[in-house]
Amino acid sequence: MIKAIVFDLGNVVLTNDWHHGKGFIDELSGVFNLSEKEMDHGFWNNWDKYKVGAISEEVFWDGFLRDAGASHIDVEKCKAIYRKYQQPINNLFDLIKELKKRYKIFALANVGKEWLDWKIHRFNLKDYFGIIIGSGNVGAAKPDKKIYKILLDRAKVEAEDCVFIDDLKMNLIPAKELGFKTIHSTDRKQLEQDLKKLGLKF
């Protein structure tokens, strides 16, 4: 029997942390005179360390700009541009409110510590999620099974009693191996259909 629903955040409930819209990419490109390929290089060179809390946001953006070959270094400008384009997607907050009437609702996301702190405040995430686990706070990231087990331990629930929702199929594999029911999220309509197929009521 399903007792809890676990949501990813990026590209499910909120904007993704990278490539989250043309405006974000265009503004970064224009301010720092970078191509999309150069920015991809800068991001992925530093993301693995940032997402598990090994470096701070300031160090991440500094590394991003230097590795991408930016025209100048302005960490505060990067932070501002990132936050400017973050927003809810798929109109899921009202659905989560309905689900919360019957089920425990948690979040499990690969996200840097400072980004998650800001999102919690900006979007009032604690109003929707009973527990929020961010990779930057626990030193492990999906698809490492460790982060799923951290959630289960803190939430005091069994994997068999949970549905896990993520936009990346590779993150669903370890969840399924641990016993979670899983849903590959693409949009709200599909998500609602898949939840109902699992017998959830809302």
Do you know which residues across region 159-199 are touching a helix residue (DSSP H, G or I) at 6+ places or on another chain (Cβ under 7 Å) and part of a loop (DSSP other than H, G, I, E, B)? Gly179, Phe180, Ser185
Out of (1) modelled with pLDDT of 95 or more; (2) exposed (fewer than 14 other Cβ atoms within 10 Å of the Cβ); (3) of a type in the set (Val, Ile, Thr), the odd one out for Ile147 is which? (2)
Picking from Lys104, Lys145, Lys100, Lys149, which residue would you name as being over 18 Å from Phe7 (Cβ atoms) and of a type in the set (Lys, Arg)? Lys145
Residue by residue through region 147-180, note down the ones that are over 19 Å from the mean Cα position of the chain (by Cα) and either charged (D, E, K, R) or under 17 Å from Ile131 (Cα atoms) (or both). Asp153, Lys156, Val157, Glu158, Ala159, Glu160, Asp161, Glu177
So which residues in region 1-31 are free of Cβ contacts under 8 Å to residues at least 24 places away in the same chain and outside any loop (DSSP other than H, G, I, E, B)? Lys22, Ile25, Asp26, Ser29, Gly30
All positions within region 1-55 that are surrounded by fewer than 21 Cβ atoms within 10 Å (Cβ to Cβ), of a type in the set (Phe, Trp, Tyr) and within 24 Å of Leu125 (Cα to Cα): Trp18, Phe24, Trp47
Test set (1) out of contact with any strand residue (DSSP E or B) (no Cβ under 7 Å at 6 or more places or on another chain); (2) closer than 21 Å to His184 by Cβ - Asp17 fails condition number: (1)
Failed item in (1) out of contact with any Ser or Thr (no Cβ under 9 Å at 6 or more places or on another chain); (2) under 23 Å from Asp40 (Cα atoms); (3) β-branched (Val, Ile, Thr), with Val111 passing the rest: (1)
Of all residues in region 67-107, how many are of a type in the set (Phe, Trp, Tyr), under 20 Å from Trp44 (Cβ atoms) and crowded, with 19+ Cβ neighbours inside 10 Å? 1
Taking helices (runs of 4 or more DSSP H) that do not extend beyond region 54-112, which have at least 2 residues that are over 27 Å from Asp167 (Cα atoms), modelled with pLDDT of 95 or more and of a type outside the set (Gly, Ala, Ser)? 57-68, 75-84
Going through Phe202, Phe180, Phe164, Phe123 one at a time, which residue ends up being in contact with a Cys (Cβ under 8 Å, 6 or more places away or on another chain) and of a type in the set (Phe, Trp, Tyr)? Phe180
Inside region 116-163, the number of residues satisfying the requirement of being among the aromatic types (Phe, Trp, Tyr) and touching a Gly at 6+ places or on another chain (Cβ under 6 Å) is 0
Where the second residue is charged (D, E, K, R) and the first is in the same structural domain as Trp61 (by TED's automatic domain parsing) and lies in region 32-44, which pairs have Cβ atoms under 7 Å and are six or more apart or on separate chains? His41/Asp67; Gly42/Asp67
Region 56-66, residues that are in contact (Cβ under 8 Å) with a residue 40 or more places away in the chain and crowded, with 22+ Cβ neighbours inside 10 Å: Phe60
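The values are calculated or read from the model by the stated rules, or taken from the named source; none is laboratory data. Small disclaimer: the values here were computed from a predicted structure and weren't measured. As a convention, Cβ positions derive from the backbone with ideal geometry for all residues, glycine included, and neighbour counts pool all protein chains shown.
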